[in-house]
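The block underneath contains the structure these notes are about, expressed in structure tokens.
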Amino acid sequence: MRYKMIISYDGAYFYGYQRQKSKITVQEEIEKCLTLIFKQPVEIKSAGRTDAKVHAIGQVAHFDSEQVIPLSQLKKAMNKILKPHIYIKEIEIVDDSFHARYDAIKKEYRYYISTNEYDPLKSQYIYFYPYKIDIETIKNTLLYFIGTKDFESLSKGHDKENTVRTIYSFDVNENNGTYEFSIVGDGFLRNMVRIIIALILKVNENKLTINDINKIIEARDRTKAPWTAPAEGLYLYKIYYNNK
């Protein structure tokens with residue numbers, strides 16, 4: 001029997017999502033929780049990994065078990081164990097053919113920037129940017145990332161897989177000095193969203209031009225884009241599936 005979960009978590013308290021030796025991770029904490037409840041080892045498969053300090057609102061994962069536990073009871077038991085930094089938002093039984101990663105058709109990330117006065121109580125959840133933002137320049141820059149492109153220049157550099165990705169939409173909205181960037185694509189390379197945000201901010205600071213963006217992408221060379229925005233502002237917002 002296959003269980004599907006939608007998970008939110010506060011990445012500030014973890015060394016990323018993926019299980020690591022001698023590190024506290026989201027995957028390990030959830031697997032420990034499930035192993036305790038089901039009284040046997042449980043391994044979960046997720047839609048993707050997030051790095052240390054990156055948050056999630058709609059991470060998706062699945063696991064298999066022959067045991068049947070009422071879903072409301074299971075959700076309640078998991079959240080009691082996992083609180084306060086991980087929360088199971090939804091849990092359901094799905095077809096055994098479902099795979100959280102391979103069945104995903106789109107992913108949405110959001111990145112938050114504040115130009116307001118620095119607040120140490122919010123510093124783990126938003127990037128406090130020390131410059132003014134030219135919103136029209138930013139909006140024009142976003143357009144250069146949309147479409148199907150080889151984003152090798154915009155990855156951490158260790159991706160051996162195909163580096164071609166499609167960005168379906170990229171938007172920014174401002175509310176009282178807080179800027180919300182929303183990017184939707186068929187997938188993202190490691191650090192890709194944070195590198196994109198860093199490039200956009202370099203354009204805003206007149207350290208790059210909009211035309212430089214195409215040149216950097218076409219170069220397929222990470223050294224042409226050596227900047228990465230802080231992890232604290234990034235959220236895995238939603239995973240999309242067919243008919244979901």
Filtering strands (runs of 3 or more DSSP E) wholly in the range 33-150 for at least 2 residues that are more than 23 Å from Phe181 (Cβ to Cβ) gives 55-64, 86-94
Log entry, pairs with first residue in the range 1-22 being among the charged types (D, E, K, R), second being open to solvent by less than 10 Å² (accessible area, probe 1.4 Å) and in a loop (DSSP other than H, G, I, E, B), beta carbons closer than 9 Å, six or more apart or on different chains, reads Arg2/Ser65; Lys4/Ala100; Arg19/Thr25
Given the conditions (1) in a strand (DSSP E or B); (2) open to solvent by 20 Å² or more (accessible area, probe 1.4 Å), every one holds for Ile24 apart from (1)
Next item on the list: Inspect all residues belonging to the range 218-235 and state whether any of them is modelled with pLDDT of 95 or more, under 19 Å from Ser114 (Cβ atoms) and assigned to a strand (DSSP E or B).
Entry: yes
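Per-residue answers, yes or no, for (1) surrounded by fewer than 20 Cβ atoms within 10 Å (Cβ to Cβ); (2) free of Cβ contacts under 8 Å to residues at least 60 places away in the same chain:
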site	(1), (2)
Glu161	yes, yes
Thr178	yes, no
Phe181	no, no
Val193	no, no
Ile239	no, no
Within the range 85-118, residues being closer than 22 Å to Val54 by Cα and touching a residue at least 40 places away in the same chain (Cβ under 8 Å) number 21
Of the residues in the range 215-237 that are out of contact with any strand residue (DSSP E or B) (no Cβ under 9 Å at 6 or more places or on another chain) and more than 27 Å from Ile126 (Cβ to Cβ), the one that is most open to solvent (accessible area, probe 1.4 Å) is Lys215
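So which residues in the range 59-82 are in contact (Cβ under 8 Å) with a residue 12 or more places away in the chain, out of contact with any Lys or Arg (no Cβ under 9 Å at 6 or more places or on another chain) and over 11 Å from Ile93 (Cβ atoms), if there are any at all? Before you say what the answer is, go through the steps one by one.
Step one: of the range 59-82, the residues in contact (Cβ under 8 Å) with a residue 12 or more places away in the chain are 59-69, 71, 74-75, 77-78, 81-82.
Still in the list and also out of contact with any Lys or Arg (no Cβ under 9 Å at 6 or more places or on another chain): 59, 66, 68-69, 71, 74, 77-78, 82.
Correct list: Gln59, Glu66, Ala77, Met78, Leu82.
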When Glu29 is run through (1) open to solvent by 30 Å² or more (accessible area, probe 1.4 Å); (2) under 20 Å from Val94 (Cβ atoms); (3) touching a Leu at 6+ places or on another chain (Cβ under 7 Å), the failure sits at (2)
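The values are calculated or read from the model by the stated rules, or taken from the named source; none is laboratory data. Treat the numbers as computed from the prediction; the structure is a model and nothing was measured. Neighbour counts run over all protein chains shown; Cβ positions are idealised from the backbone, glycine included. Ligands, DNA and RNA are excluded from the accessible area calculation, which covers all protein heavy atoms including side chains. Shrake-Rupley method; radii C 1.70, N 1.55, O 1.52, S 1.80 Å.
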